[in-house]
Amino acid sequence: MKIRLDAVEERIQQAVKRCGRSRGDVTLIAVTKLFPASVIREAYELGLREFGENYVQEFQGKANEVSDLRGARFHLIGHLQSNKAKIASELFDVIQTVDTAKLAQRLDAAGKPLDVFLDVFLEVKLSAEDSKSGALPSELPALIDAVKQCSHLRLAGLMTMPPWSDDAEPSRLYFRQLRVLGEQHGLSALSMGMSHDFEVAIEEGATHIRVGTALFGRRKKP
Ligand SMILES: *Cc1c(COP(=O)(O)O)cnc(C)c1O
């Protein structure tokens, strides 16, 4: 894992250098879905602190084993159904996939204890392809208003997932669209880019990249 992490770090360094950004502008989120809690611990030992998980139920089974990792933060990056909002708000520090006002309100009502905010990203759907989750760009103004009225939520920024492609370059237009939307709405955090296209995402302004395979190897099918 150390060798893979070093390689990912090197790729990040090269990408930020190419576009005149600094390493501190980009947060690496280690995507540990479908890997056991021991992998999270090992990554933590190597210095990683931000982790991404896709499935509420799967992480529920691992959360106890990683609850002692001080300073670790867990991001939900998979689709969230509003009937799982309460448990998700308890398990995660960040929800990256808020796409409806109803879901935001459910998360808000669940309320983190003791004035701890739940950080949220709004997932934006930028392509007409199969994946059904994400708010349309035209729905963003109303969704942003709704989230701003939620006193337990703190709006961080936008998240997107371009249509799958083996190449990185086709993602660029989607990443650029997300950046423009962020600028239009005054949202500075942009979660975009995965193992195969995070350099392009960094060039287009990503502040958070979500990397699984490049760090941990291939996952089993869910
Ligand atoms: C699985 C996943 C990732 C990580 O993908 P890799 O190609 O393994 O880096 C990033 N974002 C989301 C939303 C994912 O579901």
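May I ask you to give the solvent-accessible area per residue for the stretch 1-145, in square angstrom, as obtained with a 1.4 angstrom probe?
Details: 7160 Å² over 145 residues.
I get 49 Å² per residue for the stretch 1-145.
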task: Leaving ligands, DNA and RNA out of it, report the carbon-plus-sulfur percent of the accessible area of the chain at a 1.4 Å probe.
output: 51
statement: Residues whose built amide H sits under 5 Å from the amide H of GLY52, excluding neighbours closer than 5 in sequence, are ALA30, VAL31, THR32, HIS75
query: How high is the relative contact order of the stretch 1-115, in percent, with contacts defined as C-alpha pairs under 8 Å that are six or more residues apart?
result: 19
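What does the charge count around SER82 come to, taking other residues whose C-beta lies under 13 Å from its C-beta (Lys +1, Arg +1, Asp -1, Glu -1)? Intermediate values should be presented prior to the final figure.
Details: positive: LYS84, LYS86, LYS102, ARG106; negative: ASP99, ASP108.
Spelling it out: positives minus negatives among the neighbours equals +2.
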field: Sum of -39500 (n - 2.57) over DSSP H runs of 4+, divided by residues of the chain (222 nm, nearest 500)
entry: -11500 deg cm²/dmol
task: Tabulate in residue order the Karplus-calculated ³J(HN,Hα) for the stretch 175-190, using 6.51 cos²θ - 1.76 cosθ + 1.60 with θ = phi - 60°, rounded to whole Hz; enter x for Gly and Pro.
output: 4, 5, 4, 5, 5, 4, 4, x, 5, 4, 9, x, 10, 8, 8, 10
message: Run the simple label-point estimate for GLU169 and THR213 please: 7 Å along Cα→C-beta, distance reported in nm.
response: 1.9
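Within the chain, which is the longest segment containing none of the trypsin sites (Lys or Arg not before Pro) that sit in a DSSP loop and have at most 12 other Cβ atoms within 10 Å?
On the way: sites that count: ARG70, LYS132, ARG218, LYS220.
Result, exposed sites excluded: 133-217.
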- request: Roll a 1.4 Å probe over the protein heavy atoms and report the accessible area of CYS19 in Å², nearest 10.
  value: 50
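Given an 8 Å cut-off on Cα distances and at least 6 residues of separation, report the relative contact order of the stretch 1-58 as a percent. Let's see the in-between values first.
Details: 31 pairs, mean separation 19.7, N = 58.
Here the relative contact order equals 34 percent.
Tell me the relative contact order for the chain as a rounded percent, counting alpha carbon contacts under 8 Å between residues six or more apart.
On the way: 406 pairs, mean separation 46.7, N = 222.
About 21 percent, as a whole number.
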message: Beyond a 25 Å Cα-Cα separation, which of these cross-linked pairs lie in this structure: LYS17/LYS125; LYS17/LYS62; LYS2/LYS62; LYS17/LYS148?
response: LYS17/LYS125; LYS17/LYS62; LYS17/LYS148
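The values are calculated or read from the model by the stated rules, or taken from the named source; none is laboratory data. Model, not experiment: these values are computed from the prediction. No Cβ is skipped: glycine too gets one built from the backbone with ideal geometry, and neighbour counts run over all protein chains shown. With ligands, DNA and RNA removed, areas are computed over all heavy atoms of the protein, side chains included. Shrake-Rupley method; radii C 1.70, N 1.55, O 1.52, S 1.80 Å.
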